[in-house]
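Shown next, in structure tokens, is the structure this report addresses.
The values are calculated or read from the model by the stated rules, or taken from the named source; none is laboratory data. All figures in this text were calculated on a predicted structure; none of them were measured in a lab. For neighbour counting, all protein chains shown are included, and Cβ atoms are generated from backbone atoms with ideal geometry for every residue, glycine included. These accessible areas exclude ligands, DNA and RNA; they are computed on the full protein's heavy atoms, side chains included. Shrake-Rupley method; radii C 1.70, N 1.55, O 1.52, S 1.80 Å.
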There are 2 protein chains.
Amino acid sequence: MKLSQGVEWALHCCVLLVQAEPGAAVPRTTLAGYYGLPDAYLAKHLKSLAAAGVLIATSGPRGGFRLARDPKDITVLDVVEAVEGSAPPFVCTEIRQRGACAVPADRCEGPCGVAQVMYDADRAWRDSLRSATVAGLSDSLPAALHERARAWLKNPSAPLPPFA
Amino acid sequence: MKLSQGVEWALHCCVLLVQAEPGAAVPRTTLAGYYGLPDAYLAKHLKSLAAAGVLIATSGPRGGFRLARDPKDITVLDVVEAVEGSAPPFVCTEIRQRGACAVPADRCEGPCGVAQVMYDADRAWRDSLRSATVAGLSDSLPAALHERARAWLKNPSAPLPPFA
DNA sequence: GAACGTATACTCGGATAATTCATGTCCGAGTTGACAGGG
DNA sequence: CCCTGTCAACTCGGACATGAATTATCCGAGTATACGTTC
């Protein structure tokens, strides 16, 4: 089991977008440059975020991506599911109904114990991710980083002030 | 994010092995036949379980696999990690230290907020899996299935009694 | 009848292909902003 | 000075290669059993 690399990128980009001017869009090249990511590939994940309703994409000059709603209402789970898909990681193939000792289907009402345990764990994982929001992640960063982010988003080509 | 198919197979096989005679080994062909699984591929996962110390493999006639310890002491997490590996699903590549707005390494003491949230979710997932044991899964099955399993393990070629 | 040696059959283990999915990259469609020209 | 039409540049979106991991399979190494032979 391995999570896509894009999850990390998407989360950091969403946190960065909190610092953008309200209503302003940030192009993907600016986002990619901030973290040194390949913009061509980052586009793929940003597209998924837009399709999932987490971001809003705008075309043309002054276009780009912006958060679709208040950062307080964007959970980490929203971002993860946008990139990874909302399909459960464990899929029960009902092997109890196959093979020499197959159990008749009419005796398999609920999910088997194995699937139930996996589903419970998946729910615990999702509940944990749902309890964190993009706003909370942004608040955990020091104010100095917010300043640098705002300066960069306003003018990516200008030199950044040195660290205090 | 997708879990390997082998996780389901491994869990069901471990639950089935609870019904084996104490000290007796069950060959992989018998395990595969019970659930109608490809024995050649199942061998790969059983090998992983043996390497992880969940099962004990024995060669030669009357050989096969048996549980390495009491089913109460085998958690579902043990089985999942044996098959999937114990590597965390989320790997932080420290992208905050890269790109145009890279943060100096000496200012990155602990993990970043994004990684922390993912690690917490991973811990919740593992804790959930750790709270379930192979013995618990076996106990959740009806007694009739235990009977059928014991009969099959004792003589896989004999016809099974019909369902009551 | 018991012990021993051999051969056999059965088991796991590692090495080897095929397929699927994530990764990485590119170019085209669409849209907005800017500019030049005219009123 | 203001309005309008055209143009151009910038943006995203989908289509196209690449690589790795999972899936799937086979054959060889090793071992305990069973049998036949001998004492």
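Applying the condition of being within 10 Å of another protein chain (Cβ to nearest Cβ) and among the basic types (K, R) to segment A:129-161 and asking which residue is least open to solvent (accessible area, probe 1.4 Å) yields A:R148. For segment A:113-159, filtering for residues that are more than 15 Å from A:L31 (Cα to Cα), in a loop (DSSP other than H, G, I, E, B) and in contact (Cβ under 8 Å) with a residue 40 or more places away in the chain leaves 3. Selection of segment A:30-45 for residues being away from DNA strand C (no atom under 11 Å from the Cβ) and either open to solvent by 40 Å² or more (accessible area, probe 1.4 Å) or not β-branched (V, I, T) (or both) yields A:L31, A:G33, A:Y34, A:Y35, A:G36. Please work out if A:P162 is outside any helix (DSSP H, G or I), in contact with a helix residue (DSSP H, G or I) (Cβ under 6 Å, 6 or more places away or on another chain) and either modelled with pLDDT of 95 or more or not charged (D, E, K, R) (or both). Judged against the criteria, A:P162 is not a match.
Here's the yes/no breakdown for (1) within 11 Å of DNA strand D (Cβ to nearest atom); (2) under 13 Å from B:V83 (Cβ atoms); (3) not hydrophobic (A, V, I, L, M, F, W, C):
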{"residue": "B:L3", "(1), (2), (3)": "yes, yes, no"}
{"residue": "B:V15", "(1), (2), (3)": "no, no, no"}
{"residue": "B:Q19", "(1), (2), (3)": "no, no, yes"}
{"residue": "B:A25", "(1), (2), (3)": "yes, no, no"}
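Taking first residues from segment A:54-69 that are within 10 Å of A:V26 (Cα to Cα) and partners that are within 6 Å of DNA strand D (Cβ to nearest atom) and open to solvent by 80 Å² or more (accessible area, probe 1.4 Å), the Cβ contacts under 8 Å between residues at least 6 apart in sequence or on separate chains come to A:A57/A:K47; A:G64/A:R28; A:F65/A:R28. Test B:V18 against the criterion of being facing chain A (nearest Cβ under 10 Å), farther than 30 Å from A:A149 by Cα and more than 12 Å from DNA strand C (Cβ to nearest atom), and give yes or no. So B:V18 fails the test. Looking only at segment A:104-126, residues that are facing chain B (nearest Cβ under 7 Å) and more than 30 Å from A:A51 (Cα to Cα) come to 4 in all. Would you confirm whether or not segment B:116-128 contains a residue that is touching a helix residue (DSSP H, G or I) at 6+ places or on another chain (Cβ under 6 Å), acidic (D, E) and open to solvent by 20 Å² or more (accessible area, probe 1.4 Å)? Within segment B:116-128, one or more residues are touching a helix residue (DSSP H, G or I) at 6+ places or on another chain (Cβ under 6 Å), acidic (D, E) and open to solvent by 20 Å² or more (accessible area, probe 1.4 Å).
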